[in-house]
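The values are calculated or read from the model by the stated rules, or taken from the named source; none is laboratory data. Predicted, not measured: the structure shown is a model, and the values here were computed from it. A quick note on method: Cβ atoms are made from the backbone with ideal geometry, for glycine too, and the neighbour counts reach across all protein chains shown.
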Amino acid sequence: MASASHDVGQRRGFVSWLEKRLPLREFIESQLTHYYAPKNFNVWYYFGVLALVVLVSQFATGIVLAMFYKPGEATAFDSVEYIMREVPWGWLIRRGPGIAAQGVDHPGLACCPSQRHQPGTDVQPETL
């Protein structure tokens, strides 16, 4: 019983030692949890954040895709097949930059590809 309370005291001592040298808790409280957002935020701020998130995901998946892709006449198809079948989450790595590019262009429609405008489809089906 005495050793259990001694362990708790050591952890508390280590946490206070770490907090004294690296005040993460104070930073999180002052910048994240107790920070009040300005009143002039509107929907465009959220679209900007969403565009930034998909841009960063486009860069990240593009870099990972570049690590596995081998350009060339003899190796391009085989590398894409390898990415899709053998690499864990390869389908997401391959399609990630394209999906993220749609999200940067129009964040509201990136999740619903059937609602995007297709060129040459201005004619209504009833008029055909």
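Annotations
- Residue 28 satisfies every condition listed in (1) exposed (fewer than 10 other Cβ atoms within 10 Å of the Cβ); (2) at pLDDT 80 or above except (1).
- Residue list for the range 21-76, filter: over 18 Å from the mean Cα position of the chain (by Cα), farther than 17 Å from residue 89 by Cβ and of a type in the set (Phe, Trp, Tyr): 27, 35, 36, 41, 44
- Lone unmet requirement of (1) part of a helix (DSSP H, G or I); (2) surrounded by fewer than 11 Cβ atoms within 10 Å (Cβ to Cβ) for residue 62: (2)
For (1) at pLDDT 80 or above; (2) not small (Gly, Ala, Ser), each residue gets a yes or a no:
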residue: 43; (1), (2): no, yes
residue: 47; (1), (2): no, yes
residue: 52; (1), (2): yes, yes
residue: 57; (1), (2): yes, no
residue: 68; (1), (2): yes, yes
residue: 73; (1), (2): yes, yes
residue: 76; (1), (2): yes, no
residue: 102; (1), (2): no, yes
residue: 126; (1), (2): no, yes
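- Where residue 87 falls short, out of the listed (1) in a helix (DSSP H, G or I); (2) surrounded by 14 or more Cβ atoms within 10 Å (Cβ to Cβ); (3) of a type outside the set (Ser, Thr, Tyr): (1)
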